[in-house]
Ligand code: SF4
């Protein structure tokens with residue numbers, strides 16, 4: 001593929017569609033895929049991929065703890081765009097051992113145990129999938145969180161040893177919802193109930209209007225801890 005610097009220059013100030021066009025062309029079919037967590041940004045990318053780049057696979061992780069609304073969205077999205085998600089699931093033994101040792105809601109007990117849960121249910125299945133790819137596409141935006149302020153449209157993912165494509169890196173939240181409304185893209189109904197960011201049911205709650213979009217995720221932790229490890233070097237905890 002082209003050198004990273006020239007690729008980054010080529011996608012500067014380009015639309016999400018052009019970022020995908022210019023980057024995906026460098027990878028063999030089947031070696032680039034989109035990781036959807038069913039968030040609003042992910043629904044935008046799903047729409048673009050299914051409309052313009054239907055050969056790019058879309059996978060999602062079923063942690064076993066998703067809210068019912070997320071499972072409903074999964075079915076609605078498959079129906080609307082005529083495809084099936086590649087659904088990744090955690091290793092049942094790894095999750096079972098954590099529950100045996102620490103109890104069913106062990107992830108509330110400490111940051112280390114919360115990260116161990118995220119590792120077993122999300123990071124580990126993701127790593128197995130990423131080992132089959134040369135590049136992955138994500139819905140990360142710079143404005144989503146303090147930890148995401150430096151996200152670029154295309155960048156090296158040194159932690160996972162591949163290329164990461166973030167076509168919505170420079171989008172605002174307003175851009176995301178404008179696109180969803182303009183194209184009638186299906187979205188999680190929990191967004192209408194005050195949930196700006198949605199993960200596993202026990203670790204997500206509604207927030208007051210105008211609050212930080214990630215403040216309803218792991219609300220008992222400080223902002224700098226609020227990553228599950230999917231987008232940084234995994235912390236086995
Ligand atoms: S978000 Fe919560 S339930 Fe889901 S994997 Fe992480 S700690 Fe476990």
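Which distance in nm do the two modelled labels at residue 147 and residue 72 give, with both placed 7 Å along the Cα-to-Cβ direction?
For the pair residue 147/residue 72, the computed spacing is 2.9 nm.
With r as the distance between the Cβ atoms of residue 9 and residue 220 and R0 = 25 Å, compute the FRET efficiency 1/(1 + (r/R0)^6) and round to 0.05. List each step's numbers first, then the result.
Values: r = 42 Å, r/R0 = 1.68.
Here the calculated transfer efficiency is 0.05.
Can you tell me the order of 174-181, 197-204 when each peptide is scored by its average per-residue count of other Cβ atoms within 10 angstrom, highest first? Write out the running numbers ahead of the final one.
Working: 174-181: 15.4, 197-204: 19.6.
Put in order of decreasing packing, that is 197-204, 174-181.
For region 1-63, what number results from the quotient of the Cα radius of gyration and 2.2 N^0.38 Å? Intermediate values should be presented prior to the final figure.
Details: Rg = 12.5 Å, N = 63, 2.2 N^0.38 = 10.6 Å.
Relative to the rule-of-thumb radius for its length, region 1-63 sits at 1.17.
Tell me whether region 71-128 comes out rounded, prolate or oblate; compute the Cα gyration tensor, take square roots of the eigenvalues as a ≥ b ≥ c, and use a/c under 1.5 as the rounded threshold. Spell out each step's value before the answer.
Values: a/c = 2.90, a/b = 2.36, b/c = 1.23.
Verdict is prolate for region 71-128.
Gain in length, residue 182 to residue 81, computed as 0.36 nm per residue apart minus the alpha-carbon separation, to one decimal in nm?
Working: separation 101, 0.36 × 101 = 36.36 nm, distance 1.62 nm.
Answer, rounded to one decimal: 34.7 nm.
Can you give the helix-only mean residue ellipticity at 222 nm for the chain, where every DSSP H stretch with n ≥ 4 adds -39500 (n - 2.57) and the sum goes over all residues, rounded to the nearest 500 deg cm²/dmol? Spell out each step's value before the answer.
Values: 8 runs with 80 residues, N = 237.
The per-residue figure over the chain is -10000 deg cm²/dmol.
Residue 17 to residue 128: extension gain in nm, 0.36 nm per residue of separation minus the Cα-Cα distance? Don't skip to the answer; put the middle values down first.
Working: separation 111, 0.36 × 111 = 39.96 nm, distance 2.76 nm.
Stretched fully, the residue 17-residue 128 segment lengthens by 37.2 nm.
Could you tell me how many degrees, from 0 to 90 and to the nearest 10, lie between the Cα long axis of helix 173-183 and the main elongation axis, the longest principal axis, of the Cα atoms of the chain?
The angle comes out near 70 degrees.
What's the extension gain from residue 105 to residue 52 if we count 0.36 nm per residue and subtract their Cα-Cα distance?
Details: separation 53, 0.36 × 53 = 19.08 nm, distance 4.19 nm.
So the extension gain works out to 14.9 nm.
So what's the angle, to the nearest 10 degrees on a 0 to 90 scale, between helix 92-102 and the longest Cα principal axis of the chain?
40
In terms of the Cα gyration tensor, with a ≥ b ≥ c the square roots of its eigenvalues, is region 105-148 rounded because a/c is under 1.5, prolate because a/b exceeds b/c, or oblate? Walk me through the intermediate numbers first.
On the way: a/c = 3.78, a/b = 1.28, b/c = 2.95.
It comes out oblate by the Cα gyration axes.
When a/c reaches 1.5 or more, the comparison of a/b and b/c decides; with that in mind, is region 88-167 rounded, prolate or oblate per its Cα gyration tensor? Spell out each step's value before the answer.
Details: a/c = 3.34, a/b = 1.68, b/c = 1.99.
Note, shape of region 88-167 comes out oblate.
Laboratory data are not the source of any read-out in this text; all were calculated from the coordinates shown. Owing to the predicted nature of the structure, the values given are computational and were not obtained by experimental measurement. Glycine also receives a Cβ, built like all others from the backbone with ideal geometry; neighbour counts cover every protein chain displayed.
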